[in-house]
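One structure is given here, and the rest of the page talks about it.
The values are calculated or read from the model by the stated rules, or taken from the named source; none is laboratory data. What you see is a predicted model, and the numbers here were worked out from it, not measured in a lab. Cβ placement follows ideal geometry from the backbone for every residue including glycine, while neighbour counts extend to all protein chains displayed.
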């Protein structure tokens, strides 16, 4: 399971050196949705946490699609028993890696 998660994490992140996904990453569309939605909501809400929450809500469908793709990759790599929990952990990790970039985009938009 650890190897499968590591492989999927690298696939989802796109590169180990950066916390922002590269253009070829399966996570890039979701990241771009979060970032652009956060910029759009930046002027509508005072608190950064509220902006991020609104962006996450508007991108929920893309998040669900990415989670399904991560879970499928874990299953394909031979760890079906832990696929759902592993997928959720990987996605949570990716979101925490992206948070500083999203916050910076919000601050720049204001």
Among 32, 46, which is the only one that is at pLDDT 95 or above and surrounded by fewer than 17 Cβ atoms within 10 Å (Cβ to Cβ)? 32
Considering only helices (runs of 4 or more DSSP H) wholly within region 33-110, the ones with at least 1 residues that are touching a residue at least 12 places away in the same chain (Cβ under 8 Å), out of contact with any helix residue (DSSP H, G or I) (no Cβ under 7 Å at 6 or more places or on another chain) and under 16 Å from residue 21 (Cβ atoms) are 60-76, 83-109
